[in-house]
1. Apply the Karplus parameterisation 6.51 cos²θ - 1.76 cosθ + 1.60, with θ equal to phi minus 60°, to every residue of the range 197-202 and state each ³J(HN,Hα) to the nearest whole Hz, in sequence, with x for glycine and proline.
2. Could you give the length gained on full extension between residue 143 and residue 207, defined as 0.36 nm per residue of separation minus the Cα-Cα distance, in nm?
3. Just want the ordering: 59, 171, from fewest to most Cβ atoms lying within 10 Å of their own Cβ.
4. For residue 235 and residue 173, calculate 0.36 nm times their separation in residues minus their Cα-Cα distance, and state this gained length in nm to one decimal.
5. Using a basic spin-label model with each label point 7 Å from the Cα along Cα→Cβ, how many nm lie between residue 33 and residue 166?
6. How do the peptides 146-154, 228-236, 67-75, 192-200 rank, highest first, by the average count of neighbouring beta carbon atoms within 10 Å per residue?
7. Want the number for residue 133 to residue 260: 0.36 nm per residue separation, take away the alpha-carbon distance, what's left?
8. Considering just Cα atoms, how many Å³ per residue does the convex hull of the range 34-267 enclose?
Amino acid sequence: MSNKTENSQDYLNLSTNTREVAVARDTAESYMEHLFEVPGYFSRLDAELFAHCCREQHDLGVEGDLLEIGVWYGRSAVLLGFLKFGSEQLHVNDLFGQLPKTETGRSELEQAGPIKLPTTDDFLGHYLRYHDSNPVIHRGPSTEVRDDLAKGTYRFIHIDGSHTQEAVAHDIKLARELLKEGGIIVFDDYSNTDHLGVAAALWPALAESDIAPFAATPSKLYATLGLQQAGEYRQDLLSWANQHDLLVREQTVNNSKLLSLRTKFNRVNWIANRIKRSLPNRLRRMVAAERF
């Protein structure tokens, strides 16, 4: 814990809710230093954006639960566990070792190669290294959890489940039902050419709904409800990005302005990523899951 939370009298005089934000900031940032110890595909840049967006929501008075669809071993879920405040809960949904029930889902799994699907115990083995209690776990396909999730009560939703077009289309509709005003939805792999079903489902859905994107990283698209709220988040994120020396480009898609964010060129990281991309897809997944 930092000196701010242990020794500062000013900190002790803060409200309980504000102290929780300060503690969450310290613990989330501490976890980011160990981010890659949990298998997964969640970048440091997106981890920092998750944390910043949640703090901005707190500053705006947006309260509600958090939801992740598609957990894998829990790299991003562990972080989200640090980003809930007060009585908020983290809900996670995954097959957790079950086989997909649809033909397209089974085909997606076959194309991924001979990988071990993480079970609930595999996930909790990582999650409980950093947290004292379990999140709310919903085991099974996302198509079967709607009745267990309260509509309009979630402030942060991360969609990273099945990447088939039909599954993504369902998860977009589900997230819209669950999201509250001021809430944020994050879509994974919107630009990944290995998972074209995501883009095929995502962009038409956004064009026909009030879900407005406000930022994008190489891996994830960030959105909220309505152009006004998207503009507020975009302006805040622009200031944050400039402070963190990121490469920023503003674009307009579906009448919504959004920021394209990426880290500046680092030759060592570039070489490492080139080597990783040169590996066969199945081997890359095995390395990510520490099966080597």
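1. After applying 6.51 cos²θ - 1.76 cosθ + 1.60, I find x, 5, 5, 4, 8, 6 Hz.
2. Additional length available on full extension: 20.8 nm.
3. The most exposed by this proxy come first: 59, 171.
4. Length gained, residue 235 through residue 173: 19.7 nm.
5. 4.7 nm
6. Averaged packing, sorted descending, gives the order 67-75, 228-236, 192-200, 146-154.
7. 42.1 nm
8. It comes to 130 Å³ per residue, whole-number rounded.
Since every read-out is calculated from the coordinates, none of them should be taken as a lab result. Quick caveat: nothing in here was measured; it's all calculated off a predicted structure. All Cβ positions, glycine included, derive from the backbone under ideal geometry; neighbour counts span all protein chains shown.
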